[in-house]
Amino acid sequence: MYVAEYIDPSFEALSPANTAREATLIMEAQDVSVLPVVGDDGNYITMLRLDDVDQLSEDTTIEMLSGRFQARFVQKDKHVFEAIRLMLEHDLDCLPVVDNASLAYSGLITRSSVLESLMAFVPFHRTSYIITVEAEARGFSMAELCRLIESNRGQILGTLMHSHTEQNSPLCITINLVAEELNPIFAVLERYDYVVRRSYQGEQPDDYLKDRYQSLMRFLDT
């Protein structure tokens, strides 16, 4: 469930040479309230809100507004929940996506694409589990841990990470997840040198997930 999987490349980006009037027409034609500004070199510059454009004179070019707007974006290797967090935090209906190693523009992730991911994420027929694993702090990657679990048909509901006070002690990660079975997940974690310390079965996640799903649906519909 990474951002790159939900990029919608069909949206037309704005150019620094566009005027405020042109930007308004492009946004209205695509039924969005924010669009990225992309330079001639293909690099992402910033994003422009329709509300901001409406306050400008029609002939003002976007290039003249350099530095006025915040360049919010998400990298395409981030988990889709990071995109959700950013859209919630900044009240956005779409978010520019850039390459991991540069600001090369890749496309937009939209509320509709997030909705699709959430519909696939809500696994009402599965059982929830809580597992605790340990990992060496040096070189630890939460993204890798999530990838290993999700590649074995596990879906993560939440994580909690803490470290012991002793020097060089491992990280302890508690994971709330849903899965049809845990053995394949345990096997791949151990193969990558994670130590599974404990696990237990939680309650059926229906009510929990339905509540979160409805909350996110309200966000996507606003």
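Nothing in this text is a laboratory measurement; each read-out follows from the coordinates by a stated rule. These numbers come from a predicted model, not from an experiment. Cβ coordinates were reconstructed from backbone atoms using ideal geometry, including for glycine residues, and neighbour counts include every protein chain displayed.
T127's amide H: which non-local residues (gap 5+, or another chain) put their own amide H closer than 5 Å, with H modeled 1.01 Å from N in plane and none for Pro or chain starts?
A179
For region 43-56, take each phi angle, set θ = phi - 60°, evaluate the Karplus expression 6.51 cos²θ - 1.76 cosθ + 1.60, and give the result in whole Hz per residue in order, putting x for glycine and proline.
The phi angles translate into 8, 6, 9, 6, 10, 10, 8, 4, 4, 5, 5, 4, 8, 9 Hz.
Taking only the alpha-carbon atoms of region 125-204, what semi-axes of the equivalent ellipsoid follow from 5 times the gyration tensor eigenvalues under a square root, in whole Å, largest first?
Value: 22, 13, 10 Å, ordered largest first.
Which whole-Hz ³J(HN,Hα) couplings does region 74-79 yield from phi under the Karplus relation 6.51 cos²θ - 1.76 cosθ + 1.60, θ = phi - 60°, glycine and proline marked x?
9, 7, 6, 8, 7, 5
Taking H as built 1.01 Å from N, whose amide H comes closer than 5 Å to the amide H of D8, not counting residues under 5 places away?
So D8 has HN proximity to L108, I109, T110.
What list of ³J(HN,Hα) couplings, whole Hz, do you get for region 4-15 from phi and the Karplus terms 6.51, -1.76, 1.60, once you set θ to phi - 60° and write x for glycine and proline?
Going residue by residue, I get 4, 6, 10, 5, 10, x, 7, 7, 7, 7, 8, 10 Hz, with x marking Gly and Pro.
When ranked by the protection proxy of mean other Cβ atoms within 10 Å per residue, highest first, what sequence do the peptides 89-99, 11-21, 153-163 form?
Sorting 89-99, 11-21, 153-163 by mean packing, highest first, produces 89-99, 11-21, 153-163.
For region 3-117, how big is the tail of P(r) above 21 Å, as a whole percent of Cα pairs?
So the pairs more than 21 Å apart make up 32 percent of the total in region 3-117.
Can you give the relative contact order of region 3-117 as a percent, counting alpha carbon pairs under 8 Å and 6+ residues apart?
Contact order relative to length: 33 percent.
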